[in-house]
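Data block below; observations after.
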Amino acid sequence: MSSRVGAQPVFLERLLLDVEMRRGQVHRRLAVRTVIACEHGVDGYRDSVPVKAIIGCRAETSVLRFPKSLSKGERHEFVSLVCDDDLDGERQWINVDVDHHGIAPGVVDDEGKVVGGLNVSITFDDRVPDACWWYAEQTECERVVRPPAGDRRLLEIRRGVVEHTFAGPCRPREQYGIAFR
């Protein structure tokens, strides 16, 4: 049993989330994860929606199974894809719900490349928002409030793409992401 009740028995060393938006709705979500098992016998990762396995796992509805069970402290990288054919309305944010033991802080290597941590990237089609900002540990009401001009949370949109790497650790039972208007 996990030491955190209800939490998946893994710690994420890295989560790269790449989201494609079409007509204001999420069309596709690609996730690259590097997990570290927090207990022996970890054989998969639960996702909140049905997924397609790409590399390093196989899909069973909303569970991604690893090729072999992990021992405590063992790392595994895998890639999954969500294709949302049932678009559920316009979004105001892309959210990561930390339902496991947390996500390591983003670290910049000697070449200036971010390794580890949570990185969220969104590509917008022709409906590019006026503003995007990152949020951490906020309620749904709080995250939709646009920060004032000059606020460090405001993000630059370049050629329809916005990206943010969270510098600090992402804590269990919290939510992190990018909001837009």
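Can you tell me, using C-alpha contacts under 8 Å and at least 6 residues apart, the relative contact order of the chain as a whole percent?
Working: 443 pairs, mean separation 46.4, N = 181.
Once normalised by length, the contact order is 26 percent.
At 1.4 Å probe radius, can you tell me the per residue accessible area of the chain in Å²? All intermediate terms of the calculation are to be shown ahead of the outcome.
On the way: 10000 Å² over 181 residues.
Per-residue value: 55 Å².
Dipole size in debye (nearest 20) for the chain around its Cα centre, Lys and Arg Cβ +1, Asp and Glu Cβ -1? Provide the component values of the computation, followed by the final result.
Values: 26 positive and 29 negative charges, 27 e Å.
In debye, rounded to 20, the chain gives about 120.
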Quick one: pull the percent of accessible area on the stretch 139-181 belonging to carbon and sulfur, 1.4 Å probe, ligands and nucleic acids left out. 49 percent
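Restricting attention to the stretch 1-81, which GluC sites (Glu not before Pro) occupy a DSSP loop and are surrounded by at most 16 other Cβ atoms within 10 Å? Write down the numbers at each step before the final one.
Values: sites: GLU13, GLU20, GLU39, GLU60, GLU74, GLU77; in loops: GLU39, GLU74.
Of the GluC sites (Glu not before Pro), the ones in loops of the stretch 1-81 whose Cβ has at most 16 other Cβ atoms within 10 Å are GLU39, GLU74.
From largest to smallest, what semi-axes in whole angstrom does the stretch 1-111 give when each is the square root of 5 times an eigenvalue of its alpha carbon gyration tensor? Before the final figure, lay out each step's value.
Numbers: eigenvalues 125, 57, 37 Å².
Taking √(5λ) for each Cα gyration eigenvalue gives 25, 17, 14 Å.
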For the stretch 5-52, what % of the accessible area comes from carbon and sulfur atoms, probe 1.4 Å? 56 percent
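What part of the accessible area of the stretch 92-134, given as a whole %, is carbon or sulfur when the probe is 1.4 angstrom?
Values: 940 of 2040 Å².
The computed percentage sits at 46.
The values are calculated or read from the model by the stated rules, or taken from the named source; none is laboratory data. None of these values were measured; they are calculated from a predicted model. Virtual Cβ from ideal backbone geometry, glycine too; neighbours counted across all protein chains shown. The accessibility values were calculated without ligands, DNA or RNA, using every heavy atom of the protein model including side chains. Shrake-Rupley method; radii C 1.70, N 1.55, O 1.52, S 1.80 Å.
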